[in-house]
Structures are given as structure tokens and as C-alpha cells.
Protein chains: 2
Amino acid sequence: MTDPTTDLLPVGLEDRLQKSAAAISRARRAALDAMDSYGYDRVMPPLIEFERSLAERMDGVATRRMFRFVDPASLRMLALRSDMTVQLGRIAATSLADAPRPLRLCYAGETATISSDQLDPSRQRLQLGAELVGADGVAAAAEVVMVAIVALEAAGATAISVDFTLPDLVDTLAQDELPLDPAQVDAVRRELDGKDAGALKAAGGAAYLPLLYAAGPFDEAIARLSEIDAGGALASRIDGLKAIAAKVGDRARITLDPTERHGFEYQSWFGFTLYADGVRGTLGRGGTYRIGGTEEVATGFSLYLDALVGSLAAQPARDTLYLPLGHDIATADRLRAIGWRTVTALEEGEDPTALGCTHRLEGGEAVRLS
Amino acid sequence: MTDPTTDLLPVGLEDRLQKSAAAISRARRAALDAMDSYGYDRVMPPLIEFERSLAERMDGVATRRMFRFVDPASLRMLALRSDMTVQLGRIAATSLADAPRPLRLCYAGETATISSDQLDPSRQRLQLGAELVGADGVAAAAEVVMVAIVALEAAGATAISVDFTLPDLVDTLAQDELPLDPAQVDAVRRELDGKDAGALKAAGGAAYLPLLYAAGPFDEAIARLSEIDAGGALASRIDGLKAIAAKVGDRARITLDPTERHGFEYQSWFGFTLYADGVRGTLGRGGTYRIGGTEEVATGFSLYLDALVGSLAAQPARDTLYLPLGHDIATADRLRAIGWRTVTALEEGEDPTALGCTHRLEGGEAVRLS
């Protein structure tokens, strides 16, 4: 017999039931509170925008993954947001164009895509993040990495590691130090990203081969990168990475993968990926960038907490107090005010334990159910 | 010159900027915590479902107001949720079909409609509510009204009033006490709802005229309703309303409008509408009903907090501590841990006040900025 519920929701969309909803709700609040404590103000963009408005701040691939539909009111094409970063950029560039910089904003909300990657079939994801608008230097990068770590810790992540990358590495080196024909740049970048030494040589990037070995734990990897950078084109970037690592290194394990590019197509000099113990895949990424359609710089990160929450140990059942028929209302109000969760009897003969209760109100006292 | 930002978002969709986002976020958390304290477990249904699944649990009018689109994966029609109550009903009837009853669930999330009514052009609304599944008696109704009031109070509403109605009033009276031809029932119901005495007579409902005067403050209105109900067909309903009013009457002003029907088409014997001081229109409604597609009864309510939050006084600016360059990290961590909100200096020459700071860290102490 087939499960009658399997066809109730489209593939990749699901209900979060009580335990899972409680866990993600708790993680989300804690992460938002952490961002708030670092001075990031929350903004809430809408679920739906003009497709063009979302698209012109994103790459073409991403827009094809959005749910799109015609607006009967304007007859223009709308889209369900697949990423909130572009919405934050729009807000910074329009409604908050005149707000003092640096501008610290944060957000949390559901996003949806038509199809997801094969490793993760989900089509709806809770995205949460922070943007430091008007700054993309070392201090901004160090702050944003720290806030990302603190937000993840608050959400329950343990043994966090942060992988740094230099998204414009090839462009920087190709200018002078390891010159490339402009036609070769894309291919070299791609093969470095794919870590394919043979293809890298074939693409004319033999000189870039040593970069593949400048990856791993931060201290050793950055030393190797310095050796490669004999001409000093990367000197300021290397110093920047060292300064960031020095500021956040005691809160997370830092690694370097300078040629990592996937997911950082729109970052400028600095990018980072977040991992945590027991969570498969990345928990989020961030970096420095230029806000789409503007000249303004920013540094930010996005987190996806669903994977994290799935890895967290189940919380113990909470104490819950059964209030029998005829209980004193004032007593119940007082107990809720000091933190009790209550379940009120509707009729005789209920089984408080089956209803999740751990205690029962008897003579004005909470008595543990046996 | 036109405002360049006005065309950035489709009509009826807007950004909630810092103050408004903080206010609604605070109200939402407080309302969710209030529902939780009464034993309601949160569930999170997805933004999108099969249109048919949402539609078969709603009336046809409502489904025409949903944003709909074809799912490239299934080639079936999907819809963006316009109401979460139907999603809760689906969950109760499927995944949680075997959970013990009464089942207490709550929810909060964004919903969207293609077009809204003319009084309120917004096409996205934060819906928040609770469902008591498996019970629709007086005890259930009293609990649900109380939880709605407590949730609204927690969200910041003051001088809450609750308007009771009897959605199946005409059907009940028409059976015997004030007999109507089956063909007349709909018209009588409609004219009573419209409070149009002339049309009511014309529709053959002259005997129902006195009901129009059984509205107002609860005690007087229910006394008049009892007088009208000489045959006693409404006796159990009247007793039920009195019992509910007795339980919640010291937390809110109670009124009765027994013929109010609009918005209660799918409620059974009991419905209620919520109002608060300074908020135009309703803040929410609820009542007893049968879960669509099932035989199971339930009692619940939905709140829409946007209107409330717009009416709340602005919160005072929060204390925020500026951390100058070179500040002690451990001190900053300690101050955040005890509740300080901080803004970290990125460079010399920033204006802490312009960045929203009220204090500055000097020699390990928070000093108020003058």
C-alpha cells in the first residue's frame, strides 16, 4: 500500500512538523539575535518582486531557477525570490541610499527555486544573513566572518571551520606576474577551480600549477601562497587574509583554498565558505562584492540553517503542565508568567501524558506525572 | 521629478525597513511565545503547494486570488499559499492524523494573494494563528478565544474587543422555530449579514428582523437573543456563548453580532472577530469548523499583525555601544553577553552617533555619547 501522504506536496517542498519547526525556529532566532548584537538591523523584503528587478542583480543561471508568473495587476513578470542578497542590495541602493555608511543590515526568510541541485532536492530554503554595506576592506571582512561564526554558533553549530578564498586571484596574477592572454583567463580560472592539473596545463596555465598546492590549513597554505607570489601582486591580499585569520582564528578553524571559485563568481577580493561538525556540505558563504547595478561595495554572508538543524541532537521534551478542569485561572496565569508551558483540560478523561504533559496542577502546585 | 523607487516593487508588495521590521519581528515572536505557553506546537508548511491541495480545502473565490504557476518538475499547477489555515488542516489530516487529540498547533508565515481588497492593497500578509484540532465545544472555543486575546496582548494590542457571532444561526432557526423555504435560506442569511431590514422582509425573512437588534455589548445583546429564541432552538448556543464570555470577559470587551456572516462561511456554530484600540479594521478572526475534506472538527483563529504594528508607538532607540578601533575583544564579548548591542569601528573618523550608537567603549566602560 502506498503512503497516501507522499503525493500531497510537490517534490522538494515539505512541512516542518513540531520538532523540526521548533528546532529551526530556535536556531533562526538565536542567529538573528547574534547578528543584532553586532549592530545589524533586520529588514524584510517581500516574497515576490518584478523578475527584472531580481534578475538584473543576479546572474542568468540563477534567474532561470526562479518561479515566475505574470502579475495580473501590472501584466509584468513577477518572480518568487530565490535569494535575499539581491533584495538587500536593492534596498541599500534605493530606500536606504541616504542612510549613513557603513550600513549594517540582516535578514531571514524563506526562498524558493524551481529546481535544486541533485545532492539537495529541496526547493525551499531558509536563508539568513548579514550585509555590511559601504565597506569591503580587511576590517569589514574580519567583522563579517566573525558575525557569521557567532551566528552559526548561536544556531547550534560546533567545530566551525571557515575556508578562505581569493575570487579575483587569476585576474590579479594575469595582469602582470603570471601573464595570460585575455582569451585564456576564463579557462585557467575554470581548471584551477576544478583542480585539474592536466587541464590547467592544456589551457596554458602551467605557471598557475603551484597554486593548487597552496591549499589547506591556513598558516601553511598562506606561506606557500607567499612563496608563489614572488612578484608581490598578491601581497596586499595575503596581508589581508592574515589579518582576518588573526582576528577570527581563535573562534574557528581557518583553511585556505585560494583558487576556489564556484559560488564566488560575484565576489571581489575575498570570499569564505562555512562548515561545521556533522553537517554535510556548506552551511553558508560570504565575501566582498559590489552591489549589482551600483558602484557601492559591500561585505556579507548567507547561511542556510536547514542542514544544521537536521544535524542537531533532538532537544529534550519540555516541561509542560496539565491544567485539570476547574483549575484556578489566576494560578495558571501566574505559572505561565514564570515560564511554565500549560495544556488546559477540555474534558474529563484526557490522558495528560499522551498530550505531552510532564506535570499536573494539583492544589496550586505542579506535580510531576509518574 | 518622480521618485525612482516607486516602480521598484509591484503594487501591494513592500519592504519592511529597520523600524517596521523590528516592530513586526518583536510582535510575531511575542505572539508565538504566547501561543506556545498555552501548549500550541508550531508547524511550518511550505510556501508553495499543489493548487488542488490548497483549493479543495478552500472556497472557489479564494483560490482565484492565489498566485498560480506550472511546476516544471511535475507539470502540475502549483500555488503560493494565500492562507495557512488550510495547510494546517492538511497536516492535521495527514502527517498528524495519528497524533493524540486534542492536537494543539500554531503557525506564523507570509501569505500572498494576487489582489487584495480595495481598503487594503497589500498582497503579502503575515498570518499567525493557532488551531485546536479535534475539539469544537464550548471549552475549546473559550480556550481559543483566550489564546487569541493573549497572543494579541503579547504583540502589543491594547483594549482588545471580541465580537461573537453564530455562523449557523439561520440554518438552526430555519429548521423549525422560524421556518423558511429552503430556497429562501441563502437570501435571508445574506440580508441579515448586510443588516438591510427592507431587503430582509422582501426576501421573506420578516420573522428574522428582531435578530438585527440583538447586537451590541454582550450582556444586553445575548438577553435580547434569548427573548427572540422563544422556542429554545438556540438555547445550547446561547449557553455556550455565555460560558465563553464568562471565561474571557475580564480580558477583553465582548460584543455580540449574531447575524454577522461575512468571513465565517466555513465556521460552524461559533465565530469571533478581534479588534483593538487604534487599529482600523479587524486584527483577526476565528471559530469552530470542520477541517476541509475530513469529518474532523477544530477550533482556531488567524491574526494579521501588520495593521497592529503600524498602530504601535515607535520603540525608543536601543542603547548601542560603539567599539573604537583597537578595543579589547574580550571586553566586547563580555558586554554583548550581558545584553549590549555593539557597532564595531571599521576605520578612524566614523561618527558613532550617525551610526546609531548611544555609548562608546572607553577604558573598558560604556560611556554615554553626549
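The values are calculated or read from the model by the stated rules, or taken from the named source; none is laboratory data. Remember, it's a predicted structure, so these values are computed and weren't measured experimentally. Virtual Cβ from ideal backbone geometry, glycine too; neighbours counted across all protein chains shown.
One table, with the values for the structure above:
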quantity	calculated
Hey, A:Arg76 at the interface with chain B (Cβ under 10 Å from one of its Cβ atoms) and modelled with pLDDT of 95 or more or not	no
Flag for B:Leu105 being among the hydrophobic types (A, V, I, L, M, F, W, C), touching a strand residue (DSSP E or B) at 6+ places or on another chain (Cβ under 8 Å), at pLDDT 95 or above and within 28 Å of A:Glu348 (Cβ to Cβ)	yes
Tally of residues being in contact with a Leu (Cβ under 7 Å, 6 or more places away or on another chain) and within 23 Å of A:Ser236 (Cα to Cα) across the range A:271-298	2
Count of residues meeting criterion [under 19 Å from A:Glu110 (Cα atoms) and surrounded by fewer than 24 Cβ atoms within 10 Å (Cβ to Cβ)] in the range B:88-108	1
Yes/no for B:Thr294 being within 14 Å of chain A (Cβ to nearest Cβ), out of contact with any strand residue (DSSP E or B) (no Cβ under 6 Å at 6 or more places or on another chain) and touching a residue at least 12 places away in the same chain (Cβ under 8 Å)	yes
Complete set of residues in the range B:156-199 that are small (Gly, Ala, Ser) and at positive phi	B:Gly156, B:Ala159
So A:Asp257, is it of a type in the set (D, E, K, R), in contact (Cβ under 8 Å) with a residue 40 or more places away in the chain and closer than 21 Å to A:Pro217 by Cα	yes
Filter result (over 14 Å from A:Gly39 (Cβ atoms) and either within 8 Å of chain A (Cβ to nearest Cβ) or in contact with a Cys (Cβ under 7 Å, 6 or more places away or on another chain) (or both)) within the range B:337-350	B:Glu347
Only one of B:Ala79, B:Ala21, B:Ala31, B:Ala62 that is part of a strand (DSSP E or B) and either small (Gly, Ala, Ser) or within 25 Å of A:Ile48 (Cβ to Cβ) (or both)	B:Ala79
From the options A:Ala230, A:Ala245, residue that is crowded, with 20+ Cβ neighbours inside 10 Å and of a type in the set (Gly, Ala, Ser)	A:Ala245
Subset of the range A:223-255 (residues that are outside any helix (DSSP H, G or I) and polar (S, T, N, Q))	A:Thr255
Given (1) on the phi < 0 side of the Ramachandran plot; (2) not assigned by TED's automatic domain parsing to the domain that holds A:Arg125, number of the condition A:Asp277 does not satisfy	(2)
Qualifying positions in the range B:348-370 - part of a strand (DSSP E or B) and surrounded by 13 or more Cβ atoms within 10 Å (Cβ to Cβ)	B:His359, B:Arg360, B:Leu361, B:Ala366
Lone unmet requirement of (1) touching a helix residue (DSSP H, G or I) at 6+ places or on another chain (Cβ under 9 Å); (2) within 23 Å of A:Asp15 (Cβ to Cβ) for A:Gly134	(2)
Members of the range A:4-33 that are surrounded by fewer than 19 Cβ atoms within 10 Å (Cβ to Cβ), hydrophobic (A, V, I, L, M, F, W, C) and closer than 30 Å to B:Trp340 by Cβ	A:Ala30
The one condition in (1) away from chain B (no Cβ under 12 Å); (2) crowded, with 18+ Cβ neighbours inside 10 Å; (3) at pLDDT below 95 that A:Val309 fails to fulfil	(1)
Identity of the residue in the range A:162-218, in contact (Cβ under 8 Å) with a residue 24 or more places away in the chain and of a type in the set (Ser, Thr, Tyr), that ends up surrounded by the fewest Cβ atoms within 10 Å (Cβ to Cβ)	A:Thr172
Some residue of the range A:34-57 being basic (Lys, Arg), assigned to a helix (DSSP H, G or I) and buried (at least 20 other Cβ atoms within 10 Å of the Cβ)	no
A:Ala135 being under 16 Å from A:Tyr40 (Cβ atoms), without any contact (Cβ under 8 Å) to a residue 60 or more places away in the chain, aliphatic (A, V, I, L, M) and facing chain B (nearest Cβ under 10 Å)	no
Where a residue in the range B:7-23 is more than 7 Å from chain A (Cβ to nearest Cβ) and within 11 Å of B:Ser122 (Cα to Cα) and its partner, wherever it lies, is assigned to a loop (DSSP other than H, G, I, E, B) and of a type outside the set (S, T, N, Q), with Cβ under 7 Å and at least six apart	B:Gly12/B:Pro121; B:Gly12/B:Arg123
Near pairs, Cβ below 7 angstrom, 6+ apart or cross-chain, from the range A:96-114 (closer than 16 Å to A:Thr85 by Cα and in contact (Cβ under 8 Å) with a residue 40 or more places away in the chain) to any residue that is small (Gly, Ala, Ser) and assigned to a loop (DSSP other than H, G, I, E, B)	A:Arg104/A:Gly39; A:Ala112/A:Ser82; A:Thr113/A:Ser82
Tabulated pairs, the range B:35-46, first within 7 Å of chain A (Cβ to nearest Cβ), second of a type in the set (A, V, I, L, M) and assigned to a loop (DSSP other than H, G, I, E, B), C-beta under 6 angstrom, 6+ apart or interchain	B:Val43/A:Leu17; B:Pro46/A:Leu13
Top-ranked residue of the range A:317-347 - restricted to ones that are free of Cβ contacts under 8 Å to residues at least 12 places away in the same chain and under 42 Å from the mean Cα position of the chain (by Cα), ranked as surrounded by the fewest Cβ atoms within 10 Å (Cβ to Cβ)	A:Ile338
Criterion violated by B:Val145 - all others in (1) in contact with an Asp or Glu (Cβ under 9 Å, 6 or more places away or on another chain); (2) under 14 Å from B:Gln267 (Cβ atoms); (3) among the β-branched types (Val, Ile, Thr) satisfied	(1)
Where B:Ile291 falls short, out of the listed (1) surrounded by 15 or more Cβ atoms within 10 Å (Cβ to Cβ); (2) over 23 Å from B:Leu105 (Cα atoms)	(2)
Breaking point among (1) free of Cβ contacts under 8 Å to residues at least 24 places away in the same chain; (2) more than 30 Å from A:Gln315 (Cα to Cα); (3) facing chain B (nearest Cβ under 10 Å); (4) under 22 Å from the mean Cα position of the chain (by Cα), for A:Thr63	(3)
Filter result for the condition that a residue is at pLDDT 95 or above and under 23 Å from A:Gln175 (Cβ atoms), over A:Asp193, A:Asp257, A:Asp229	A:Asp257
Test set (1) small (Gly, Ala, Ser); (2) touching a residue at least 60 places away in the same chain (Cβ under 8 Å); (3) surrounded by fewer than 24 Cβ atoms within 10 Å (Cβ to Cβ); (4) at negative phi - A:Ala148 fails condition number	(3)
